[in-house]
Amino acid sequence: MSGSLAANVIEFARLLRRAGLPVGPADMLAAQDALTHIDIGNRAEVQTALRTTMVHRHEHAAVFDQAFALFWRDPAAGQFDAMMAMLGEKAPKPDPRPAPGSRRVAEAFTGRRDQRESEQAPEYDAVLTVSEAERLQTMDFEAMSAAEIAAARTEIRRLHLPLDLRRTRRTRADPRGAMIDMAATLRTGLRHGGEMLTLARATRTVRPPPLVVLCDISGSMSRYAQILLHFLHAVANDRDRVSTFLFGTRLSNITRQLRHRDPEAAFALVASQVPDWSGGTRIGEAIEVFNRQWARRVLGQGAIVLLVTDGLDRDGAKGLAEAMDRLHHSCRRLIWLNPLLRWDGFEPKSQGIRAMLPYVDEFRPVHNLASLRALITLLSRPAPIRGRFMGIPT
Amino acid sequence: MNPKSVDETAKLLASQGYVADRSLATTVHLALAMARPLFLEGEPGTGKTEIAKVLAAGLGRRLVRLQCYDGMDLSAAAYEWDRARQLLAIRLAEATGATASVAQDIYSRAFLQARPLLSAIDPDQPPAVLLIDELDRADEPFEAFLLELLADFQLTIPEYGTIRAATPPVVVLTSNRTREVHDAIRRRCLYQWVDYPDAARERAILTARAPGLPAKLSAQVVGFVQALRESELFKLPGVAETIDWANALAHMDRTELTPEAVDDTLGVLLKYQDDIAKVRGETAARMVEAVRDVAA
């Protein structure tokens, strides 16, 4: 391959990385190799060859195609920044906020805890209004101290969701197991010259099923946003197979952002990704979008769905019952956590609540969601006996 | 013999009745030329599994298929020691007094039963196309186990040693995305998203897969299905459903779409009651009207 083409591939990989695509050196080598097997004069073939080697997920393909169209038109290196701007911009921006973790670094240096200045509510800062129907806001979360993070980690260990263990088809060695492991029996037998003195036994392993959290972040839920995000972050980093979605007027998948070990960095990522903090809610639509786009991808293998919402729906519960019915059919257990306002003794006046109740396996109202601890205690209570569940009050 | 160019690859696929778009043909060509596994992701019924079958037939290789499921372990996927015969061998050794070497003898190739993965890289057998189907159904531990096989086309069996393919198999992995497959697998493969075909390609597929279908019916079927894919259904119909539906209509001796015919056969196309209820009746009649105009 000619030197300039190789250089261009490297340059292109740089562009992709800055656009947020994970393109490693191995991908670059594969791309250069791929280009030797095709007709370089054919633009479509070059695009496919680069895409198939440098993109590993369908959701990255759109960014790739955009970048390809821009770069291979005129790969003059000087226009890099202009290109990045056109790509919808993931290039570094001056960030007025302190870097994630800076509070903890400061703490570490001074050797003492900051007095918390802030009993203030989280700050909202309205950026732009796309339409009357959708108030798009960004949200800043209070920084967490190291002690708070540690406390959150300890708390989350107590979380034990009902029906949380599921037998898998895999086995592990267990002297009291019900199954006989022939392979292990024979191996131990060999030590005694092929005399099988003991039978090695095994039992099925259990593991928690996948957990999918759908969390409402509309205006009426905003006072719980901080606690819920701490909870979501702690859960996402404590168990495997956790998928997290936020919804207000639209649905955002924040699973990858929450995987960030550092909660502040994770929250910053989440805040930058989610456009509809504290707006209205369209529960029905959000759940329907989830059903269509995500249900089949994340609800496999007996998943539990935890739905966190107050059920106050702006659309007057349009399409909500159908969407809930579909969701209920697609998962193994649907738990609804409802942080009710204080003195609303539970009266399902809202249409949204009435539409949703028939389709949940478990309804868990909480009257004062003040702490992570309260939330975890609530979720860890044993499951109600099936069929004995709260009929719908009329 | 691997095809030399993208065109030849497309021709190879077409010769087996597979109508691939340019992008898919390019990726398949690269997978063959670079001897890299091919990871196909896409909605059910878009012809992912079919590619492996077509490649096997076109390249004259044997097809080794591994259908994945939750909890699949080594003994189901790769190899298993023949325990019963091992036990007999031990007893026999005791009877003849040749116990000295028995520990070694019972872990020889003769006692090793090949499952799909081992069979695909067995140097004593002709070259293979290995289809690892619906990888998303397997659990993560199995994926981790695949890594060695995908990177080096070899398998390490602790009691025996490493078995390496004489001719690297053509490996095709498919996923319906019911779960995200781990990045480590993706990195080792060439990735291709297999999308629903456009109208022209879908008609070509129908011509290849349901020959003898009246041209008018075929155009209307494709128009109807394409319109369905624009609507908000829980499960959109795949190409496999289109073919089934066209065949179903042909069986009923239909020469063109009518609202009644659609209502009667909707279960071939849509597999969820909510979706059927949404489409059946008025919506279907309106859509039939629309495609009738297009086809006329």
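Every number here is computed from the coordinates shown, using simple stated rules; none is lab data. Just so we're clear, the structure is a prediction, and the values are computed from it rather than from any experiment. Backbone-built Cβ (ideal geometry, glycine too); neighbour counts: all protein chains shown.
With each label modelled as a point 7 angstrom along the Cα→C-beta vector, the residue B:253-residue B:183 pair spans 6.1 nm. Of the residues B:34, A:221, B:1, the one with the fewest other Cβ atoms within 10 Å heads the list, and the complete ranking is B:1, B:34, A:221. Label point of residue B:167 set 7 angstrom out along Cα-Cβ; within the range B:109-148, amide nitrogens under 17 Å from it belong to B:119-131.
Work out the FRET efficiency for residue B:231 and residue B:204 from their Cβ-Cβ distance, taking R0 = 25 Å, and round it to the nearest 0.05.
Details: r = 24 Å, r/R0 = 0.95.
Efficiency, from the Cβ-Cβ distance: 0.60.
Can you give the relative contact order of chain B as a percent, counting alpha carbon pairs under 8 Å and 6+ residues apart?
Details: 451 pairs, mean separation 62.5, N = 296.
Result for chain B is 21 percent.
Site pair residue A:160 and residue B:2 shows an inter-label distance of 5.5 nm when each label is modelled 7 Å from Cα along Cα→Cβ. Counting every other Cβ atom within 10 Å of each residue's Cβ, B:185, B:51 order from fewest to most as B:185, B:51.
Taking every DSSP bridge with both residues inside chain B, close to 25 percent are antiparallel.
Near residue B:15, once Lys and Arg are set to +1 and Asp and Glu to -1 for all other residues with Cβ below 13 Å from its Cβ, the sum equals -1.
When the dipole is taken about the Cα centre of the range A:177-315, and only Lys, Arg (+1) and Asp, Glu (-1) are charged at their Cβ, what size is it in debye, to the nearest 20?
Working: 17 positive and 13 negative charges, 116 e Å.
So the dipole magnitude of the range A:177-315 works out to roughly 560 debye.
Per-residue mean of foreign Cβ neighbours for A:291-303 is 4 (Cβ atoms of other chains, 10 Å radius).
Given Cα pairs under 8 Å that are at least 6 residues apart, what percent is the relative contact order of the range B:240-296?
Numbers: 30 pairs, mean separation 21.7, N = 57.
Averaging sequence separation for qualifying contacts and normalising by length gives 38 percent for the range B:240-296.
For the range A:160-189, the residues whose backbone nitrogen is under 12 Å from a point 7 Å from the Cα of residue A:205, taken along Cα to Cβ, are A:168-173.
Give me B:150, A:50, A:16 sorted ascending by neighbouring Cβ count inside 10 Å, so fewest comes first.
Details: B:150 20, A:50 27, A:16 24.
Fewest-to-most Cβ neighbours within 10 Å comes out as B:150, A:16, A:50.
Among the listed pairs B:48/B:271; B:11/B:235; B:11/B:48; A:318/B:235; B:4/B:48; B:48/B:216, those with a Cα-Cα distance over 25 Å are B:11/B:235; B:48/B:216. The magnitude of the dipole of the range B:199-290, with charges of +1 and -1 set on the Cβ of Lys/Arg and Asp/Glu and taken from the Cα centre, is near 340 debye. Simple rule: put +1 on each Lys or Arg Cβ and -1 on each Asp or Glu Cβ in the range B:123-224, find the dipole, and look at B:144, B:212, B:129; the Cα lying farthest toward the positive end is B:212. Whole angstrom only: what separates the Cα centroid of the range B:82-103 from the Cα centroid of the range B:224-296? Each part reduced to its Cα centre gives a spacing of 64 Å.
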